[in-house]
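Inspection log for the structure reproduced underneath, given as structure tokens.
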Amino acid sequence: MTIDIVLKENFTLDFRELSTSMYLTDTYVNHSLEINETTNDLIYSNQFKDDPFFVFLAVLKCIIMLFIIIAAIFGNLLVIVSVMRHRKLRVITNYFVVSLALADMLVAIWAMCFNFSVEITNGEWLFGYFMCDVWNSLDVYFSSASILHLCCISVDRYYAIVQPLDYPLIMTTSRLGTMLAVVWCSPALVSFLPIFMGWYSTMDHLEFRRRHPKVCSFTVNKVYAVISSSVSFWIPGVIMIFMYYRIYVEADRQERMLYRSKVAALLLDKHLQINGISVGDVMRERQSIQMQPMASSKMKRERKAARTLGIIMSAFLACWLPFFLWYIITALCGEACPSPPPVVAAVFWVGYFNSALNPLIYAYFNRDFRAAFRKTLGSCCRSLCGNIGRRYCAQMHRRDHHHSNTSDMHMNNCVKSTSADILKQPTCSRIEEPTA
């Protein structure tokens, strides 16, 4: 059912447009909007503010959002600090991982925190018209940067596994810097430029936003929806799927070759023993057999890293695919595809949850990251406990020093009193000699 908001100058805006947004949810869940005929301002009211069930849902929603924000910030910060502190993690792939963690952390700081502020204020935007455009731009920018980082990581893993001999020549430091520069600069073409120029939306929506700066909605037109979703998700997603498919095929081929070489080496060893070849020759053959696992250890590490990054990519697609499907469908079919506000909020925060999920994947599936996380957290705990202990010891030292000075003054008074009258009872019981 279409709900029209009629303004003073006979300006009509379909309310459904307010829920057709990208990267930024319009939080009108359980809220009603009214217009003050005198001031032409929007009035926010909660229809279920006295219902205990909806109060419980609101509190639960806030707790979940805060958990996602905190986990995303500190989890990605842990990834960055761990790579900086441990030299073993300073490889080409992990520089992409660190850059991805930075993008995810910025998503939590800018996109999630502003979104949370809208949720707790019943859909009211508190930061003005300009900051609404800034928020929308940063949300699009960092979300696009995240998936472009994952695309670069898949390309890096492709060359490391499919062309291992050429990998050091292909993935150089200068090429790494170029790829990171493209990843961080290109999202601005679908975020800051079209948003601040007003190309992303319709004239009706821009007029509505100018009249009501306390509503920060992000309604997009069909052209921008197709272009932005293709650049931010669909094209990089197809590239990643193709790259990881090739990596899987190559890893499977190498695994079969390794198995066949082991079987052939064992058969050769048995043949040499049966035909009475000298012990020295047999030992040399056995040494070559033992060297094969050592030679394949690097290949196994690369396959394991590819599996970890494949899981990261799969988690990203599982989190963001519902949002982009909803976004492109609602943008193309318009009023024929209404979307309930709870669904809009759900697809946004499931997408945001990916920023908190990546550090957990590193810790669980990657042994080097797991060990680095453990050492980093242990060092932080020891530092924190050490600071608390040092402060406690300093307080105890000052207290002991104060008591020591008090005791010295007390002893001096006792000595003076006994010198004045040696025949009288001492005034301080501490200098009394024990009686027999």
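The values are calculated or read from the model by the stated rules, or taken from the named source; none is laboratory data. All values reported here derive from a predicted model rather than from experimental measurement. Reconstructed Cβ throughout: ideal geometry from the backbone, glycine too, with neighbour counts over all protein chains shown. The accessibility values were calculated without ligands, DNA or RNA, using every heavy atom of the protein model including side chains. Shrake-Rupley method; radii C 1.70, N 1.55, O 1.52, S 1.80 Å.
Can you tell me which residue in the stretch 202-222 is nearest to residue 331 (Cα to Cα), limited to those that are open to solvent by 10 Å² or more (accessible area, probe 1.4 Å) and among the basic types (Lys, Arg)?
Here the residue is 222.
Got at least one residue in the stretch 188-205 being over 23 Å from residue 102 (Cα atoms), polar (S, T, N, Q), without any contact (Cβ under 8 Å) to a residue 24 or more places away in the chain and part of a loop (DSSP other than H, G, I, E, B)?
Within the stretch 188-205, one or more residues are over 23 Å from residue 102 (Cα atoms), polar (S, T, N, Q), without any contact (Cβ under 8 Å) to a residue 24 or more places away in the chain and part of a loop (DSSP other than H, G, I, E, B).
For (1) farther than 30 Å from residue 55 by Cα; (2) at pLDDT below 90; (3) surrounded by 22 or more Cβ atoms within 10 Å (Cβ to Cβ), each residue gets a yes or a no:
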{"residue": "101", "(1), (2), (3)": "yes, no, yes"}
{"residue": "166", "(1), (2), (3)": "yes, yes, no"}
{"residue": "175", "(1), (2), (3)": "yes, no, no"}
{"residue": "181", "(1), (2), (3)": "yes, no, no"}
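From the set of residues in the stretch 148-176 that are assigned to a loop (DSSP other than H, G, I, E, B) and touching a residue at least 60 places away in the same chain (Cβ under 8 Å), which is farthest from residue 103 (Cα to Cα)?
Checked the stretch 148-176; the qualifying residue farthest from residue 103 (Cα to Cα) is 164.
What is the one condition in (1) at pLDDT 85 or above; (2) small (Gly, Ala, Ser); (3) crowded, with 20+ Cβ neighbours inside 10 Å that residue 315 does not satisfy?
Checking residue 315 against (1) at pLDDT 85 or above; (2) small (Gly, Ala, Ser); (3) crowded, with 20+ Cβ neighbours inside 10 Å, the one that fails is (3).
Give 95, 129 a once-over and let me know the one that is in contact with a Lys or Arg (Cβ under 8 Å, 6 or more places away or on another chain), in contact (Cβ under 8 Å) with a residue 40 or more places away in the chain and assigned to a helix (DSSP H, G or I).
One residue alone meets the criteria, 129.
Answer yes or no as to whether residue 79 is under 14 Å from the mean Cα position of the chain (by Cα) and within 30 Å of residue 252 (Cβ to Cβ).
Considered against the rule, which asks whether it is under 14 Å from the mean Cα position of the chain (by Cα) and within 30 Å of residue 252 (Cβ to Cβ), residue 79 comes out as yes.
When residue 261 is evaluated against the numbered criteria (1) at pLDDT below 90; (2) crowded, with 16+ Cβ neighbours inside 10 Å, which criterion, by number, is the only one it fails?
(2)
Answer with yes or no whether residue 142 is out of contact with any Leu (no Cβ under 7 Å at 6 or more places or on another chain) and either open to solvent by 10 Å² or more (accessible area, probe 1.4 Å) or closer than 30 Å to residue 172 by Cβ (or both).
Considered against the rule, which asks whether it is out of contact with any Leu (no Cβ under 7 Å at 6 or more places or on another chain) and either open to solvent by 10 Å² or more (accessible area, probe 1.4 Å) or closer than 30 Å to residue 172 by Cβ (or both), residue 142 comes out as no.
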